[in-house]
Amino acid sequence: MERHEVLALAEQVLKNKARAEYWLFQPSPFLNMQPPIQMLDTQTGRDRVEQLLLSAEAGFAV
């Protein structure tokens, strides 16, 4: 998944752009306290953020 696709997924899962942007810049305990936005430069990082978003979509807390 490319960077722009992860950003679009965040907006879809979190229901609006403002919430997605807020979430992307908050440190995540699931990413070793790194904000998701910092993970988007590598494929591995994008995969981890995508999995978090898919977990959120399935109802898990992220």
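What number goes with the only condition from (1) at positive phi; (2) touching a residue at least 24 places away in the same chain (Cβ under 8 Å) that Arg46 does not pass?
Going through the list (1) at positive phi; (2) touching a residue at least 24 places away in the same chain (Cβ under 8 Å), Arg46 breaks only (1).
Quick check, is Pro36 on the phi < 0 side of the Ramachandran plot, free of Cβ contacts under 8 Å to residues at least 12 places away in the same chain and either surrounded by fewer than 18 Cβ atoms within 10 Å (Cβ to Cβ) or not hydrophobic (A, V, I, L, M, F, W, C) (or both)?
The answer is no for Pro36.
Determine, yes or no, whether Ala20 is buried (at least 18 other Cβ atoms within 10 Å of the Cβ), out of contact with any Phe, Trp or Tyr (no Cβ under 7 Å at 6 or more places or on another chain), touching a residue at least 12 places away in the same chain (Cβ under 8 Å) and of a type outside the set (S, T, N, Q).
On the way: buried (at least 18 other Cβ atoms within 10 Å of the Cβ): yes; out of contact with any Phe, Trp or Tyr (no Cβ under 7 Å at 6 or more places or on another chain): yes; touching a residue at least 12 places away in the same chain (Cβ under 8 Å): yes; of a type outside the set (S, T, N, Q): yes.
Yes.
Every number here is computed from the coordinates shown, using simple stated rules; none is lab data. On a predicted model such as this, the values are computed, not experimentally measured, just so you know. Because the Cβ atoms are built from the backbone with ideal geometry, glycine has one as well, and the counts that use them run over all protein chains shown.
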